[in-house]
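The values are calculated or read from the model by the stated rules, or taken from the named source; none is laboratory data. This one's a predicted model, so the numbers in the text were calculated from it and none came from an experiment. Heads up, the Cβs are rebuilt from the backbone with ideal geometry, glycines too, and the neighbour counts pull from every protein chain shown. Each accessible area value is taken on the protein alone, full model and side chains, heavy atoms only, with ligands, DNA and RNA left out. Shrake-Rupley method; radii C 1.70, N 1.55, O 1.52, S 1.80 Å.
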Amino acid sequence: SGLSVTGCQNATVSGIVRGSYTAYTQNHSRIVYRRSEQVNGLDVLVYFWDDRDGPNFCGWWFGPKVGGDQVWAYSPERSQAPPMTGWKVPYDGPVDPTFVVQQTVVQGQSPQVQQQQQQLLQQQQQQQQTQSFDWQAYYKRQEEERLRQQQQALLQRQQLEQQQQRQQQELLLKRQEDERRQKEQLATVMARKVIQNIRAAMPETFDELRKQAEESLSQHLPLCGALAESLRKEAIEQIEAARQRCEAIKEQRLKEETRRQEEERLRQEQAATSRQLLGELSKLVETSESCVARVQEIAAPAVGSDSPALTHEQAQTIVKEVTAASVETRTACSAALEFVLGNRQQLEPGAPAPTVSEEVRKLVTDCRDDLVKMQQRLKVCLGSVVSTMAACKVAAEKAAKRASANRRFQKRAALFDKYDADGDGLLNGKEIAQYAKGEFGFAVTQEALAKILPHVSKGAGGVPKDKFQALIMALGILREEQACQMRRRQAEARRKLVEEKKAALVADAGKVADAVQEAEVEVKKAEEAVKPLMPPEVETLIASQIGGAAAKSKELCEVARKELADVRRQIEALSADIEAELAQVAQLESRKLEIKLEMLEPRLAKVESTTTAALAHQRKMEQLELDKMITEVAKAVKAFGTEKRISQEELVVAMDKDKDGVVNKDDLRSFLAECGSPFGTDAEKLDRLFASLDGEGKGVIAKDALLRFVRVYHRVVNETVISTERSIKDSKTIRRLEVDEIVEVLEGPLKDESVDISRIHGRSVVDGTAGWITVVGNNGTTFLQECAPVYTVAKETPLTTSLEVSSDTVRLLREGESLEVLEWDKREESSGSMRLKVKARSDDGAVGWVTKVSADDVPFLKLAA
């Protein structure tokens, strides 16, 4: 069975609830129906809710969730199935008569759904059979519910009326309280305003303001409520404070009046003293002015506009007299100025106070104005003396110039007379030529004389004395023309010389350009030779092939580098010892050649860097080959020692076949053959091995080198312990070994048959602790791993000469550089860092001490892989 919902006047709810419903589940012993289609993603359910939450919530509901807060329609019926009518829409609204819920039969449902619905119907039928419906009781309950609801509604109305009455009473009380507060606030404001006014009282207004305050306070204080007493006290305090302040003002005014009278008396006395001193100063100024008048009188013949021309001697006499009078005038002016400076305070009284009378103020101002006028008069006196003295000197200079001009004129006249051989007052051509030769040292041609005579003789047949200066100027012009011609000839000769040298310079530049081309040929040869050494081709070559190609490339690079250096010297020679006029040309040609040379430099530098990289790659390959060979030989030697059960010291003794105390190449060959190593019969590899062990090149291997060669080291890869005995069962722990700690193998590895593990007898390089250590546990855990005594530089650090960090630096170790350990961990006391003695595995083979780990645990080295 199902439901069909139709009708519903509410536009919103109707679109939600209309439709077909099928049985969905069960709630509170009733079937829950669900609409066949969702609305806005929500289910629409019809469900029953009993009176567990109260009778007002009991009935049938439309909602998206059983027992949810959101509902769309409600019926208070408690029937087994949803009622057909009587639905409230919305749930708290009126009954909608159009809202109809009908029972339907659903066709085509699945057997499972039909079975479920059938079970629900059977349960309802069973409940109906067990409960005979009592309609009389039902109607009685309905009537009781109606009466209960009426009583509840009446009670709610009574409660609402009581609440409204209480609210009205509260509003009335609040209004009365607000009015009281407003009156109190207004009275308080008025009282505070009166108090504020009394604070600003002055002696003239104090009595009036106090009277007004007393009247106002008597009127407003009774209305101030709780604040009345505090306001009364504050008013009394403020009135007393105002009274005291007014008394203080009166006293201050009295003091100021006394001070004003005293100030006025002092200013009058100062003005009288100033007036007396100004009279004395006036006499001194008048004396200075009379001295200035005398100076001007003495200087009048020299500086007047209508004064006659003076001789040099007359001018000098006037200057001397004016100078003497000026000294007297300056003395008088100085006396007046000293008088002013010495009596400055009395002559110039300070500005009077604003409270003094206008009469005293005028006296002080007049004294200051009179002083300024007298100072101006002194300034005029000094200026007049200076200007008069300067005018006299100018007049004396003019007289001196006139005297000098007269002397030059007389000298020129004497010179004219000297060369006027016939004494006719004219200089003819011959006399002019003699004058030019005798005075200036140059010969005047007839053509030149014919050119200048018409301009200076004016048809007089010669040069008169009054034209002698013009003749001198004409001869000067003639001399300059001859000099110009000489300079032009020299310039032309210079130009030809520069052109010749420029052509030679260009030719030299061409030769240098040819040298640049030859150098480029050498660079190209080097580039061709280095091609096999460039990646990736170099990766396919063996070490010997790289060495041969690198040697050829290096040789060609040296030839090209020499050619470039020779070309650079030739370019520098182009600008050496050249004429100034050719400097720009030489610079231009040199720059052209330098540009070509600069294009060759990076090409050659690339070849050199490639060659260097190839040689480094070769050394790395050779080192790897050598390391591999040393590893294989060391493995064979160690296996021999393990087989023979002999110590490292005994192995070194076994290598000395001829028992001469040292191990030479023959001893090493024989020992390797005895060990079964193929390197004993390979001469080339044996030579390389022996050379690596014979670090000093003495032809024998030192004992320390042999011991380093045969020693075996292990690195702790997992924490373990070092114990006293080979057998774990009988052993006691000495101490714990930390990860990355290095252990030197003294014996083993040997197998502990009792627990089936391998153990070695070793010694820690950190503190020398010796004992037995497990290499691999019986569960497969590796504790020790064989390693080479080689470290890699992890952080750039210095290599020093001794253990102390502050010792001299051998050189700086670069990051990634490989180091062979000569002496193991030692702590440097001053810095607290752990140090190693190492040998650099590079071309220089530098030996020294290096920091492994700093005191603050910063690692500078890491164990090589």
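Annotations for the structure displayed:
- Pair list, Cβ under 6 Å, 6 or more apart: the stretch 1-30 residue free of Cβ contacts under 8 Å to residues at least 60 places away in the same chain, other residue open to solvent by 40 Å² or more (accessible area, probe 1.4 Å) and outside any strand (DSSP E or B): N27/V66
- Boolean, V716 is closer than 20 Å to L863 by Cβ, modelled with pLDDT of 90 or more, under 55 Å from the mean Cα position of the chain (by Cα) and of a type in the set (V, I, T): yes
- The number of residues in the stretch 761-782 being outside any strand (DSSP E or B), out of contact with any Asp or Glu (no Cβ under 8 Å at 6 or more places or on another chain) and touching a residue at least 40 places away in the same chain (Cβ under 8 Å) comes to 2.
- Among the residues listed as A332, A271, the single one being in a helix (DSSP H, G or I) and either modelled with pLDDT of 80 or more or out of contact with any Pro (no Cβ under 9 Å at 6 or more places or on another chain) (or both): A332
- Here F57 clears all of (1) at pLDDT below 90; (2) touching a Gly at 6+ places or on another chain (Cβ under 9 Å) except the condition numbered (2).
- Exclusive hit being acidic (D, E) and modelled with pLDDT under 85, set E579, E563, E527, E518: E579
- Residue list for the stretch 821-835, filter: surrounded by 14 or more Cβ atoms within 10 Å (Cβ to Cβ) and assigned to a loop (DSSP other than H, G, I, E, B): E828, S831, S833
- Criterion violated by R34 - all others in (1) open to solvent by 80 Å² or more (accessible area, probe 1.4 Å); (2) at pLDDT 90 or above; (3) not in a strand (DSSP E or B) satisfied: (3)
- Residue count for the stretch 574-588, restricted to those that are without any contact (Cβ under 8 Å) to a residue 24 or more places away in the chain and either open to solvent by less than 80 Å² (accessible area, probe 1.4 Å) or in contact with a Ser or Thr (Cβ under 8 Å, 6 or more places away or on another chain) (or both): 4.
- Exclusive hit being open to solvent by 50 Å² or more (accessible area, probe 1.4 Å) and under 13 Å from A509 (Cβ atoms), set R591, R568: R591
- Flag for V653 being more than 27 Å from S544 (Cα to Cα), open to solvent by 50 Å² or more (accessible area, probe 1.4 Å) and touching an Asp or Glu at 6+ places or on another chain (Cβ under 8 Å): no
- Any hit, the stretch 735-754, residues being open to solvent by 20 Å² or more (accessible area, probe 1.4 Å), under 26 Å from L651 (Cβ atoms), in a loop (DSSP other than H, G, I, E, B) and not acidic (D, E): no
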